[in-house]
Amino acid sequence: MTHVLLDARPSALAEHESPAAFARHVGAILSVELRKMVRDPTDLFTRAIQPLLWLLVFGQVFTRTRAIPTGAVSYLDFLAPGVLAQSVLFTAIFYGIAVIWERDLGIVHKLLVSPSSRVALVIGKAIAAGTRTLTQAVIIIGLSAVLGVRLRLDPLSFLGVAVAVVLGGALFSTFSFLIACLVKTRERFMGIGQVLTMPLFFASNAIYPLAMMPPWLRAVAEYNPLTYLVDVLRTLMVQGAGGTTGVAPDLGILALVFIAFTLIAARLFPGIVR
């Protein structure tokens with residue numbers, strides 16, 4: 001990271017950097033962020049408590065009551081991918097507060113005058129945030145196996161789940177990054193983060209099928225990125241639980257939203273220091 005920060009050229013001048021330089025700058029940011037995670041992994045495990053309660057309590061109870069129709073799979077099988085998607089969302093959506101801390105410490109000022117483009121800075125942080133969520137995936141998939149969820153155990157399915165989790169984490173962390181650039185204070189950010197997480201979760205197919213929703217809520221869910229993350233995870237994780245959209249379309253939609261959020265966040269990034 002040091003060699004990236006030595007050059008004091010404004011990152012705005014680096015928008016035409018070569019692909020090799022772009023990859024190097026993304027890798028430098030990613031390396032720094034991952035080292036932070038290794039030094040303090042407690043946050044990853046504490047954030048796993050809430051999803052575990054959803055599986056152990058909510059999932060077990062509603063599996064017995066059979067109140068929600070889930071087709072050929074049990075409710076617990078249906079719920080497990082939704083809980084994983086929830087964990088990805090809740091872990092990533094508060095990632096933006098770290099950017100505000102870095103602004104207060106003067107780190108953001110150094111990043112903005114580095115030779116890295118703003119897009120590379122945002123993508124490096126987003127991939128790091130997405131990688132953090134893999135720990136949640138390991139914990140939740142392990143518990144799902146213990147509880148008897150009919151998981152797909154082939155390597156390609158696990159690889160697909162990992163890709164979807166990282167992409168989902170990157171998407172929601174970039175959304176969080178964008179919000180941080182707009183609100184600029186920790187207090188406002190925490191308030192907005194709390195307001196956004198539950199509507200995003202409940203206005204998705206994480207805990208009930210789209211077919212059960214009233215028309216207005218289903219229309220909202222169809223524009224909710226979390227819906228497509230749940231759909232692809234459900235297809236890849238659980239035997240017999242085919243999604244409604246398809247793996248390629250789900251990943252394509254998530255990728256497009258991630259790109260859009262990245263471009264907006266990169267444009268807003270310098271404003272966080274004003």
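Where a number appears in this text, it was derived from the coordinates with a stated rule and is not lab data. Source: prediction; values computed, not measured. Heads up, the Cβs are rebuilt from the backbone with ideal geometry, glycines too, and the neighbour counts pull from every protein chain shown.
Side notes on the structure shown:
- Listed peptides 197-210, 72-85, 179-192 by packing density, highest first (mean Cβ within 10 Å): 72-85, 197-210, 179-192
- The convex hull drawn around the Cα atoms of region 160-274, when projected onto a plane and averaged over every direction, covers 7.7 nm².
- D_trans [Stokes-Einstein, Kirkwood Rh over alpha-carbon pairs] for region 2-273, 20 °C, 1.002 mPa s, µm² s⁻¹: 111 µm²/s
- Calculated [θ] (222 nm, deg cm²/dmol) that DSSP helices of n ≥ 4 give over the chain, each run adding -39,500 (n - 2.57): -22500 deg cm²/dmol
- In sequence order, region 207-219 has phi-based couplings of 10, 7, x, 4, 5, 7, 6, x, x, 5, 6, 5, 4 Hz under the Karplus curve 6.51 cos²θ - 1.76 cosθ + 1.60, θ = phi - 60°, and Gly or Pro positions carry x.
- Neighbour-count order for 139, 127, 259, fewest beta carbons within 10 angstrom listed first: 259, 139, 127
- Screening the chain for whole DSSP H helices with an alpha carbon extent of at least 24 angstrom along the helix axis and a mean Kyte-Doolittle hydropathy of at least 0.5 yields 75-92, 118-146, 155-183, 186-202, 247-268.
- Close amide H pairs (under 5 Å, H built 1.01 Å from N) link residue 238 with 152, residues at least 5 positions away or on another chain.
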